[in-house]
Amino acid sequence: MFDWEAAWLAALYGPSGFFARGEKPSSHFRTSPLVGPELASALLSLLARVDAALGFPQVLDFVDVGAGGGELAFAVRSLASGSLASRLRVTAVELGPPVLLPGVRWTTSIPSCVGLLVGHEWLDAIPCPVVTGPSSDPWITRWWPSLGPGEQAEVGAPRDAAWAAAVSSVRGAALAIDYGHLVSSRRFTLTGYRDGRQVPPVFDGSCDITAHVALDACAAAAGGEFVLVSQRDALGALGLTGSVAGSGWDWLESAARAGRIAELRDPRGLGAFGWLLHGRGVDVSDLLPALPSWCPIPASFSSA
Ligand SMILES: C[S@@+](CC[C@H](N)C(=O)[O-])C[C@H]1O[C@@H](n2cnc3c(N)ncnc32)[C@H](O)[C@@H]1O
């Protein structure tokens, strides 16, 4: 029988795997950190709230798991200011080759974190088994009960375990940002990406292979206090609304920024990503106001 998880692992992280050999997301697909500095600035606002809730620790961590080319980590380092900046330690966790960036340390395993840990499009890159229904797999029974005969499903258990381990390493807050589905809206989404295009998922290391994340299952596996909201709403709550003002050069700059914010908050694009935020020793309500629960983008609008 074909071992999907082993083939997927080898294709991404084996000796000549797609990410292991150093392919960077920026060459193949567009993620929120690549849009501009606005996501990093919103995460700095969140980090400042975590900092206050923790009582301003001597060393404040920002840990970026699955850091890719380090764009998010570097932007957070560069934009930080004041007392927070002098106490900030930025760590990029990445299985692929590190990128030398001032002020960012690289590691291959998740360190303990006092501050904010972010997994931006990390969980979708964790390989899973694939089963065909009907299936007696316990994860499928619990989290994909709608799986019909002959239908395929990704078993999210490895992602649940990875997220639970990551969250357990944190005092402060842990945030997964990803595309995904809920138990009420599961669908098989295994696909590939190469050179900016969606391609069939071929397990030969020539493309990224990804599938939507069962964010509700990840939340339950990590446990504790959490919220699951949309990127659109979370960015709005962190002050990223983007208005155009001023004149001349200022107007041009603010218009460009407003365009980037609109892309990050697009309800049929990046704005439909889920933000799964866990508080660890801090109240989530001190970090974000009450927001509507996340509703995944309907299949008819989704690109992946
Ligand atoms: C889809 S890319 C996202 C990159 C970046 N966060 C972004 O949004 O642009 C996923 C990244 O996670 C990395 N990755 C996957 N599993 C990992 C693990 N267990 N530890 C560290 N990095 C991992 C991959 O090598 C890849 O660079």
Review point. In region 4-301, with Lys and Arg counted as +1 and Asp and Glu as -1 at Cβ, which of these residues, Pro134, Val284, Gly223, has the Cα nearest the positive end of the dipole, that is, farthest along it?
Key: Val284
Point to revise | Convex hull volume of region 52-204 per residue (C-alpha atoms, cubic angstrom) | key: 142
Review point. If you take the alpha carbon radius of gyration of region 1-125 and divide it by 2.2 N^0.38 Å, what ratio comes out, to two decimals?
Key: 1.13
Check your understanding: Add -39500 (n - 2.57) for each DSSP H run of 4 or more in the chain, then divide by its residues: what number comes out at 222 nm, to the nearest 500 deg cm²/dmol?
Key -> -9000 deg cm²/dmol
Check your understanding: What does the convex hull of the Cα atoms come to per residue for region 151-304, in Å³?
Key -> 155
Point to revise | Centre separation in Å (Cα based) which lies between region 230-304 and region 30-62 | key: 14
Study note, to complete from the structure: If R0 = 25 Å, then Leu34 and Trp251, at their Cβ-Cβ distance, give a FRET efficiency to the nearest 0.05 of 0.50
Revision key, fill the gap. Expected field for Ser86, accessible surface area in Å² at 1.4 Å probe radius, rounded to 10, holds 100
**Study point:** region 1-29-region 131-180 distance, computed between alpha-carbon centres (Å)
**Key:** 20
Check your understanding: Excluding ligands, DNA and RNA, what is the solvent-accessible area per residue of region 4-301 at a probe of 1.4 Å, expressed in Å²?
Key -> 41
**Study point:** Portion, in percent, of the accessible area of region 4-301 that falls on carbon or sulfur, probe 1.4 Å
**Key:** 57
**Study point:** Antiparallel DSSP beta bridges within the chain, percent to nearest 5
**Key:** 45
Point to revise | Highest-fluctuation residue, Val131, Val90, Val63 considered, GNM on the chain with Cα pairs under 10 Å | key: Val131
Study note, to complete from the structure: Across Arg268, Arg49, Arg77, the residue with the highest GNM fluctuation in the chain (Cα network, 10 Å cutoff) is Arg268
Check your understanding: In the calculated pair distance distribution of region 147-211, what percentage of Cα-Cα distances lie above 15 Å?
Key -> 66
Point to revise | Equivalent ellipsoid, the chain (semi-axes from 5 times Cα gyration tensor eigenvalues, Å) | key: 30, 21, 21
Point to revise | Dimensions (Å) - region 1-75, Cα atoms, principal axes, largest first | key: 53, 26, 19
Point to revise | Descending principal axes extents, region 206-273, alpha-carbon based, whole Å | key: 51, 39, 16
Point to revise | Estimated inter-spin distance, Ser26 and Ser206, nm [label 7 Å along Cα→Cβ] | key: 2.6
Check your understanding: Which whole-number percentage describes the relative contact order of the chain, with Cα contacts under 8 Å and a sequence gap of 6 or more?
Key -> 20
Revision key, fill the gap. If amide H atoms are modeled at 1.01 Å from N in the peptide plane, then the residues at a separation of 5 or more from Arg89, or on another chain, having amide H under 5 Å from its own are Leu60, Asp61, Phe62
**Study point:** Choice from Leu88, Leu238, Leu101 with maximal GNM fluctuation in the chain (Cα, 10 Å cutoff)
**Key:** Leu101
Point to revise | Projected label distance in nm at Gln58 and Ser285, using a 7 Å step from Cα toward the beta-carbon | key: 3.3
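The values are calculated or read from the model by the stated rules, or taken from the named source; none is laboratory data. Just so you know, these numbers come straight off a predicted model, no measurement behind them. Note: ideal-geometry Cβ built from the backbone for every residue, glycine included; neighbour counts use all protein chains shown. Accessible surface areas use protein heavy atoms only, side chains included; no ligands, DNA or RNA. Shrake-Rupley method; radii C 1.70, N 1.55, O 1.52, S 1.80 Å.
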